[in-house]
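Chemist: This is the structure, below, for whatever I ask next.
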Amino acid sequence: MSTHYLLRLLVPALALVGCTQGAPGAPGDPSNPGDPQQPQGSNPPQLRYDQPLVYGHSGAPWITDLDGDGHLDMLVEPSPDPALTALYNRGDGSFKSADDGNFHVGLVADLNGDGRTDLVGWSSLGAAPLTVEMTQPGGNSSAAESSPSLPFDLIYNSADLAAADVDGDGRPEIVVSVSGATYALVVDGTGNVTSTETLSSTNGLSVAPDLDGDHRAELYSIDGASISITSSRTGNTWTSAISDCIVRALRFADLDGDGNLDFVAAAYARSDGALHAVTFQSNGDGSFTQRVDNVIPDGGLDDIVDIDGDGRPDVAFRTSVGDTEYFAVGDGAFGFKSSSYAVPLPDSNGDIQFAELNGDGRPDIVLSDGAAIYVLDSM
């Protein structure tokens, strides 16, 4: 019999109260929140994870389809060593290792629409220019590369890079936040940058998926308690603040099943550090309405993921102990239920990622602790 991990039902303390609110009330009302609903039915699904597969590579992997076979692979760069290792998925959630050249990766994305992941980064540390490597059939990324001429310096680790379709043509551009501004680098099918567009005179911006229905990405920023999202369709900037909290991250997902992307803000209380998973409902035009403030007193957000396959995103988090991944189950109405699943982890430290790796349609867990990569395949 194979060893496996069984996700069990636990109840870490989770309440619905605001950063400045103390009195419970009706669930779903951000001005008067109350106790979370319990899971419907007496027999929630038993989600099982197989014994971890261990790969002796340091560094958090990029999870992407390197060879275009429809299976997600992993690309590992042991920092600061530029020697890349590709872990190719056999299709069952296990991986075979292969060297993939020397390169400092800043971004992975399919830039030319051929179904294979291309690499953006630097060939060496220091003053080496930004390089675009277009992946060839079989996953080889060394055969076609170019170093674009840019109107600004872009040396290793000097800028934030992202991939997003900012012009609505169906292919992503390279979004660069550097030198007091945010730019989009338009790349052709061979990896050459054909034009550079200034998106904003502000740097430090992040990229969100299309939030206003025009098939173009949006830009957003976080500043303390404040969130700002600029619509690519109207140019208007929507802002909101979560009082007495510091916002650390946004996660975009359709929380209520209406086809529009909502988001969860991971905010931490200034007073006690409690995680506030604050949900915002999309108005369909790039603006949002705050809905529910879900408080996890001893929690740190890892991601938003539909862990149980019910079509409703859940909150994945760890407590200060760190050796268990918890899942606060989404109720489909911007709240998260107090009863949650939990899975023991092989290490209490490291980065967590979720991806469908073994072909069963359910999220698998990848933990990287700096010394090894652990893959927990769902069963």
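Chemist: Accessible area of S271, 1.4 Å probe, to the nearest 10 Å²?
Modeler: The value for S271 is about 110 Å².
Chemist: Segment 334-354 to segment 276-316: how many Å between their Cα centroids?
Modeler: Distance between centres, Cα-based: 14 Å.
Chemist: Let me ask another. By accessible area of protein heavy atoms, probe 1.4 Å, what ranking do I373, I222 get, highest first?
Modeler: Final ranking, largest accessible area leading: I222, I373.
Chemist: Rounded, prolate or oblate for segment 208-315? Axes are the square roots of the Cα gyration tensor eigenvalues, ordered a ≥ b ≥ c, and the cut-off for rounded is a/c under 1.5. Intermediate values should be presented prior to the final figure.
Modeler: Working: a/c = 2.27, a/b = 1.25, b/c = 1.81.
Because a/c hits 1.5 or more and a/b fails to exceed b/c, segment 208-315 counts as oblate.
Chemist: A further question on this structure: Counting Lys +1, Arg +1, Asp -1, Glu -1, what net charge surrounds G204 among other residues with beta carbon under 13 Å of its beta carbon? Present the calculation step by step, with values, prior to reporting the outcome.
Modeler: Numbers: positive: none; negative: D160, D223.
Its environment carries a net charge of -2.
Chemist: If you don't mind, there's one more thing I want to ask. Which Rg and Dmax, in Å, describe the Cα atoms of segment 281-337?
Modeler: When restricted to Cα atoms, segment 281-337 yields Rg and Dmax of 12.7, 41 Å.
Chemist: Here is a further query. Contact order normalised by length for segment 230-282, with contacts defined as Cα pairs under 8 Å and 6 or more residues apart; what percent is it?
Modeler: Here the relative contact order equals 27 percent.
Chemist: Quick one, what does Rg over Rh come out to for segment 278-379 if you take C-alpha atoms and the Kirkwood Rh?
Modeler: Numbers: Rg = 14.7 Å, Rh = 14.7 Å.
Over the Cα atoms of segment 278-379, Rg/Rh equals 1.00.
The values are calculated or read from the model by the stated rules, or taken from the named source; none is laboratory data. Since this is a predicted model, take the numbers as computed values, not measurements. Using ideal geometry, Cβ is built from the backbone for each residue, glycine included, and neighbour counts are taken over all protein chains shown. These accessible areas exclude ligands, DNA and RNA; they are computed on the full protein's heavy atoms, side chains included. Shrake-Rupley method; radii C 1.70, N 1.55, O 1.52, S 1.80 Å.
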